[in-house]
1. Using beta carbons and a limit of 8 Å, which pairs, at least six apart or on different chains, have the first residue in the range A:341-368 and among the aromatic types (Phe, Trp, Tyr) and the second one assigned to a helix (DSSP H, G or I)?
2. Those residues that are in contact with a His (Cβ under 7 Å, 6 or more places away or on another chain) and either open to solvent by 60 Å² or more (accessible area, probe 1.4 Å) or assigned to a loop (DSSP other than H, G, I, E, B) (or both), I need them from the range A:260-310; list them, please.
3. Just to verify a result, which residue in the range A:248-259, among those that are crowded, with 18+ Cβ neighbours inside 10 Å and in contact with a Phe, Trp or Tyr (Cβ under 9 Å, 6 or more places away or on another chain), is nearest to A:Glu384 (Cα to Cα)?
4. What is the residue count in the range B:97-118 for residues that are within 11 Å of chain A (Cβ to nearest Cβ), under 24 Å from the mean Cα position of the chain (by Cα) and free of Cβ contacts under 8 Å to residues at least 60 places away in the same chain?
5. Within the range B:230-244, can one find any residue that is β-branched (Val, Ile, Thr), in contact (Cβ under 8 Å) with a residue 40 or more places away in the chain and farther than 30 Å from B:Asn267 by Cβ?
6. Being open to solvent by 10 Å² or more (accessible area, probe 1.4 Å) and in a strand (DSSP E or B) is the filter; apply it to the range B:311-322 and report the residue that is nearest to B:Val266 (Cα to Cα).
7. Scan the range A:120-127 and tell me whether some residue there is among the β-branched types (Val, Ile, Thr) and surrounded by fewer than 23 Cβ atoms within 10 Å (Cβ to Cβ).
8. For the range A:339-367, name all the residues that are among the small types (Gly, Ala, Ser) and at pLDDT 95 or above.
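The values are calculated or read from the model by the stated rules, or taken from the named source; none is laboratory data. Just so it is clear, the structure is predicted and the values come from calculations on it, not from any experiment. Cβ sites come from the backbone with ideal geometry, for glycine too, and all protein chains shown count toward neighbours. Accessible surface is based on the protein model in full, side chains and every heavy atom, while ligands, DNA and RNA are left aside. Shrake-Rupley method; radii C 1.70, N 1.55, O 1.52, S 1.80 Å.
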2 protein chains.
Amino acid sequence: MDIQAYMQQIGRQARAASRQMAKADTGAKNRALQAIAAAIERDADKLLAANAEDVAVAKTEGLESSFIDRLTLTAKTVATMAEGLRQIATLPDPVGDMTDLKFRPTGIQVGKMRVPLGVIGIIYEARPNVTADAAGLCLKAGNATILRGGKEAIRSNQAIAACVREGLAAAGLPETAVQVVETTDRAAVGALITMNEYVDVIVPRGGKSLIARIAQDARVPVIKHLDGVCHVYIDDEADPEKAIRIADNAKTHRYAPCNTMETLLVNENVADLILPPLAEIYRAKGVELRGCEQTRAILADAIPATDEDWVTEYCAPILSIKIVADMDVAIEHINTYGSHHTDAIITENYTKARRFLREVDSSSVMVNASTRFADGFEYGLGAEIGISTDKIHARGPVGLEGLTSQKWVVLGDGHIRV
Amino acid sequence: MDIQAYMQQIGRQARAASRQMAKADTGAKNRALQAIAAAIERDADKLLAANAEDVAVAKTEGLESSFIDRLTLTAKTVATMAEGLRQIATLPDPVGDMTDLKFRPTGIQVGKMRVPLGVIGIIYEARPNVTADAAGLCLKAGNATILRGGKEAIRSNQAIAACVREGLAAAGLPETAVQVVETTDRAAVGALITMNEYVDVIVPRGGKSLIARIAQDARVPVIKHLDGVCHVYIDDEADPEKAIRIADNAKTHRYAPCNTMETLLVNENVADLILPPLAEIYRAKGVELRGCEQTRAILADAIPATDEDWVTEYCAPILSIKIVADMDVAIEHINTYGSHHTDAIITENYTKARRFLREVDSSSVMVNASTRFADGFEYGLGAEIGISTDKIHARGPVGLEGLTSQKWVVLGDGHIRV
């Protein structure tokens, strides 16, 4: 197969489909989502059989169990996929929203209209449920999508893609509005991320190294989600009860997500008060503590933290702890070592809360709340395609709106510029 | 000079300054803008002397007169620079705007805060006035800026930079918030557009080839402004008087700007009626007409248009004309051959107006108004750093808001995720 020619063909078809999708009305898009959900439910056995083949091959290749877990579909995850698509159908359609229409002194009326981005390329690892989720969100936002999943999930993805095509056709929308790349050749990714003329944005989902590699080689804009090195800063004017509750939840609610706290910063005036009871909780949950020298003077069992710890996303029951002189030192630490993802202050002080909100340069900044809230569902977006650590275009959880752009509209009545 | 090391130093300083600028209050930023304006007025003679040296060198190098024109400062353009900065001071500060703060069922309150992008790199040709304009806009939006102007304007730019530094210092802001690259070595551009760690976005201003080259090599996101191949489509339900007035203005108001019409599309049912009187106007103004076969059947003096004409930005008194069967053909032509910049329909038909607004995939779409209105001042942005033909982040005229991002803020009262 000539990969370049194949991908160019996919790109051309996507561009053509994107024009149809941009003018598709809300009803047609919702009918497609409902029809895809119904097809997935009806074909659940087929999907599970295709997935079982993928899983069998992955096992013979000796892939690790966490990988197999992410690859494996169950009757429950298939039902969740269908349910997710129906939820997307219930979300308001962002496309066509007109805002800020204002008359100018010249007599023209100027405003903005929300429009699809066009063609979105999604590159992800071997997690078949992403195929349905990403296709559904991009479809509702009026885009055409090119999906390139991990090669180990190719049979599962093709089975899901068949349901998607069927649903699109049932709603009178072009089947090429969602295309799954049918080759596992890596050159397809290289082609996808450099086809400026056919692809408007790339959304990579997966490990940090995958995303960094794509960002490095892409000629198409990329909405990146790199790492989450999130902080909670416990101020000396924190309510100790709230501080302990949030520091516990931010670390131990779940260890793997990107919005889990990796470094706890504690004001030196309250470290003696806060750290011992908090460490007790962490120890009971099996969290390994690594601390700065001051921390270790209070928590004798903490392992010495190195500079490497301050920039590490553990995704594991490990926490680094640093005692700081004041909020300025905490903010400096967060802006220097953090990943600009999500950071929280625990304080009752109004002025410090306002300053922290403004001065911490992260996609989500919180006061007296757990970093675990940084999530499209929790924020009310309905669903998310990812959490962007970029500042350009979309920052933080990216929902339907992040998959659109705005164009200017000008309404006149024969107006000319003089 | 070790260019890499020099640019890294500039980058580090800009990153540090950007943190100060992000928390600078509106008053300080406005005082800086006023002080820069005052310094420019006071030093007008110095600026003109430095500029005269640049111009003299450029003349000995035999650069063409349009280039010399753009390079040359006069007492009037210096006064306009100062006035532009004072106008920027009067614009509302976008930084810190909090919007959409809503309570979620969990009890947290979620919203967005507008924040600076961070460090903006501006790459432009030998137009010294851009130095003051771009620095002023980026400063007001709370960013640090690295300016790399054309090498022929280096003395002018350094003289302006001295005024900028003085103004920043007078307002208590870091002088490194605006840095003019002091070397004319081209390697400085290569370094600037690849310093991901220090630069958040690149705004290139200048010719299409400069911008395309930068976009190709950049590792930092680029807000591009490529070409403007703008269209006016005269529908068969157009008011002929409005159609002729707008088609005249869109082409002949000024020939060089990117929002000037390059291709006129006319519905075949009204071509006989509209084209002869319109051609009369164009001929009187010396506009060369190039037409499709049908056009030439009506306008015998029109030169045959080739496919090349449909994608060409003439920036000159030349117009290509095509007769189309209906609006669908017109939209297809615009989306295929245009540059997604600015396109207008002239019609009295409500349904066609709505469809054109939605289906034309351009940064500005207009009904019964001249494409010449596509401009930051005309849209009420106060000023613009450029007109983006990208869909990502900022589309169309980019003002202060386009030089900012939004972060999420979460306000809680001890809330944890369950």
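1. Listed pairs, sorted by first residue: A:Phe356/A:Met327; A:Phe356/A:Ile331.
2. none
3. Checked the range A:248-259; the qualifying residue nearest to A:Glu384 (Cα to Cα) is A:Asn259.
4. Pass one, the range B:97-118, residues within 11 Å of chain A (Cβ to nearest Cβ): B:98, B:100, B:102-118.
Retained after the next criterion (residues that are under 24 Å from the mean Cα position of the chain (by Cα)): B:114-118.
Filter once more, keeping what is free of Cβ contacts under 8 Å to residues at least 60 places away in the same chain: none.
Residues meeting the conditions: 0.
5. Of the residues in the range B:230-244, the ones β-branched (Val, Ile, Thr) are B:232, B:234, B:244.
Right, trim to in contact (Cβ under 8 Å) with a residue 40 or more places away in the chain and you get B:232, B:234.
Right, trim to farther than 30 Å from B:Asn267 by Cβ and you get none.
No; the residues of the range B:230-244 include none that is β-branched (Val, Ile, Thr), in contact (Cβ under 8 Å) with a residue 40 or more places away in the chain and farther than 30 Å from B:Asn267 by Cβ.
6. First, the residues of the range B:311-322 that are open to solvent by 10 Å² or more (accessible area, probe 1.4 Å): B:311-318, B:322.
The next check asks that each one be in a strand (DSSP E or B); those that pass are B:318, B:322.
Details: B:Ile318: 17, B:Lys322: 6 Å.
The qualifying residue nearest to B:Val266 (Cα to Cα) is B:Lys322.
7. Let us first name the residues in the range A:120-127 that are among the β-branched types (Val, Ile, Thr), namely A:120, A:122-123.
Narrowing further to those that are surrounded by fewer than 23 Cβ atoms within 10 Å (Cβ to Cβ): none.
For the range A:120-127, residues among the β-branched types (Val, Ile, Thr) and surrounded by fewer than 23 Cβ atoms within 10 Å (Cβ to Cβ): absent.
8. The initial filter retains those residues of the range A:339-367 that are among the small types (Gly, Ala, Ser), namely A:339, A:344, A:353, A:362-364.
Passing the criteria: A:Ala344, A:Ala353, A:Ser362, A:Ser363, A:Ser364.
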